[in-house]
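The values are calculated or read from the model by the stated rules, or taken from the named source; none is laboratory data. Keep in mind the model is a prediction, meaning the values are calculated, not measured. Cβ placement follows ideal geometry from the backbone for every residue including glycine, while neighbour counts extend to all protein chains displayed. Note: areas computed on protein heavy atoms with side chains; ligands, DNA, RNA excluded. Shrake-Rupley method; radii C 1.70, N 1.55, O 1.52, S 1.80 Å.
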Amino acid sequence: MGGEVPEPRRLNRALSFDDWVPDEALHLVMGHVEDPRDREAASRVCRRWHRIDALTRKHVTVAFCYAARPARLRERFPRLESLSLKGKPRAAMYGLIPDDWGAYAAPWIDELAAPLECLKALHLRRMTVTDADIAALVRARGHMLQELKLDKCIGFSTDALRLVARSCRSLRTLFLEECHITDKGGEWLHELAVNNSVLVTLNFYMTELKVAPADLELLAKNCKSLISLKMSECDLSDLISFFQTANALQDFAGGAFYEVGELTKYEKVKFPPRLCFLGLTYMGTNEMLVIFPFSMKLKKLDLQYTFLTTEDHCQIIAKCPNLLILEVRNVIGDRGLEVVGDTCKKLRRLRIERGDDDPGLQEEQGGVSQLGLTAVAVGCRELEYIAAYVSDITNGALESIGTFCKNLYDFRLVLLDRERQVTDLPLDNGVCALLRNCTKLRRFALYLRPGGLSDDGLSYIGQYSGNIQYMLLGNVGESDHGLIRFAVGCTNLQKLELRSCCFSERALSLAVLQMPSLRYIWVQGYRASQTGLDLLLMARPFWNIEFTPPSPESFNHKTEDGEPCVDSHAQVLAYYSLAGRRSDCPQWVIPLHPA
């Protein structure tokens, strides 16, 4: 009885507070609330707070471009300064989504560029962006655009970049990493160097763009604030003058050693004094000496695209005790990771990508197993992010990660099928221990081999993943019953991706209905029918369901690495949307709901 009295009093105080606080004060308070979840909660207090949130919201992220209409976004947030928009499913990064699937930027740019008078930052990810789209953006916002990020986008050329460089003189960030760009010449970089004096970040890493070193030097002379440059491949010896000029540079990636073994050619390379983030390409054993003089300063090191052996990794990392971020291939081996655990006590992020599958190109020590991951977990207790391709793994290694890495918020593990036998499957107990102890986890990915996780293990994931918002699972579970047990526990999961699973369409539908926070699910490789009609069991208001049936003619086709063709597996995409059924579905995608 005593506990019932305070509730109405707290409500009355909230109401009275709202009555006497003027709009000006609420505007100021809202201006300091940046977390989107806090913003959403505040906007639901009352209509007045909803209105003030709309007028003071400076940044919005649309997690999927078909989840809302551009016009509705413009009406809801008329004073936006920054917009992030995500397009195709993540699977597009691995060649599992064709280029003509959709996610076109044109409707968004046409609707928002001119009316959003405060817009000065735009970030598009995995979208199709044309030269015409960029031209429309420049016409409307070029005079005040400060940040343009095109991340893994396709469809445009250097003609559009030249227009951006000539017109957007306030641009501080130009980001083009892993974009497919038609190269019509390097004039865009010259225009950027001539017309811009405030650029801070330029990134065209992992693109095919060819540029002149002289233009980079000119850019460094005119942009004294240039802190970060990540570029396409360019011989490091051609960048000597650039490095001498770019005194403020802290982050560099993309310089290549085209003549491996010719150290004399690179002896004169001297990096800027403030450089602490570094990624070099095609570096071999003889070229490691270029890094050694300033290795103590390094906070980030990317060795993914080098020719280094396991022993080379050990030598370099032993000289880098202050690393916060390390990105390598699995040729680093368990021995290299033991050096990481002994040396890099401040490490926050560790990424171990898949190396070449040809064993002749790797040392015997290459390949990562439970031994290396355990050494890292014990030695690097400040880790917040781990993403690793491993050849072997045990429950004990996962338990070690859970025991020592309490700050993990993002964990991703892929078990390769290189080894015939894995030491310790299923991984039920290890996954359980990791999830129970790493309570800060928000993102979790586990891609195993058949038998890697039983139904019990799948239920553990559901039971102990209460704070996880994004999850990718592959080759997990044994039956539909396991999926349902998993779904019951996922109360806060917003985005789920499943691959190579044994579940039926009916089980997928029932599982979706058990996850109250789910906004998006993508599935490839399941027990699919030709029609996908059982997927309609998950139908509800504002819930779009798209079905891509397997292509009969590709059943016997395989890719170069022996994997089945993408379109030999059915795909399901379902998501919440206030925009209704999308109008740009390709012919091979079947919209099941809304009808």
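What to note about this one:
- Rounded percent of accessible protein surface that carbon and sulfur make up, the chain, 1.4 Å probe: 51
- Region 416-443-region 35-111 distance, computed between alpha-carbon centres (Å): 34
- The reciprocal of the average 1/r between distinct C-alpha atoms defines the Kirkwood hydrodynamic radius, which for the chain equals 26.4 Å.
- Taking all protein chains together, D99, D53, D35 sort by accessible area into D99, D35, D53, largest first [probe 1.4 Å].
- For the chain, share of DSSP beta bridges that run antiparallel, in % to the nearest 5: 15
- 222 nm mean residue ellipticity, helices alone, for the chain (DSSP H n ≥ 4; -39,500 (n - 2.57); rounded to 500): -9000 deg cm²/dmol
- For region 65-140, the list of trypsin sites (Lys or Arg not before Pro) that fall in a loop by DSSP and count at most 13 other C-beta atoms within 10 angstrom reads R79.
- Å² of accessible area per residue within the chain, as computed with a 1.4 Å probe and no ligands counted: 44
- Solvent-accessible area of H190 with every protein chain in place, 1.4 Å probe, in Å² to the nearest 10: 80
- Rounded to the nearest 10 Å², the accessible area of T285 at probe 1.4 Å: 70
- Positive end of the dipole of the chain (Cβ unit charges, origin at the Cα centre): among M231, Q146, M30, the Cα lying farthest that way belongs to M30.
- Computed accessible area, D251, all protein chains, 1.4 angstrom probe, square angstrom: 20
- Flagged links, alpha-carbon separation over 23 Å, of K86/K224; K230/K268; K152/K210: K86/K224
- Evaluated with a Cβ-only charge set (Lys, Arg +1; Asp, Glu -1), the chain carries a dipole of roughly 2540 debye about its Cα centre, given to the nearest 20.
- Options F547, W101, T201, ranked by Cα towards positive dipole end of the chain, top entry (Cβ charges): T201
- In this structure the amide hydrogen of L278, modeled in the peptide plane, comes within under 5 Å of the amide hydrogens of F252, K300, L301, D302, none closer than 5 places in sequence on its chain.
- The candidates F503, F294, arranged from most to least accessible area with a 1.4 Å probe in the full protein assembly, appear as F294, F503.
- When +1 charges are put on Lys and Arg Cβ atoms and -1 charges on Asp and Glu Cβ atoms, the dipole computed for region 407-467 relative to its Cα centre reaches about 300 debye.
- Sequence of D534, D151 from largest to smallest accessible area, 1.4 Å probe: D534, D151
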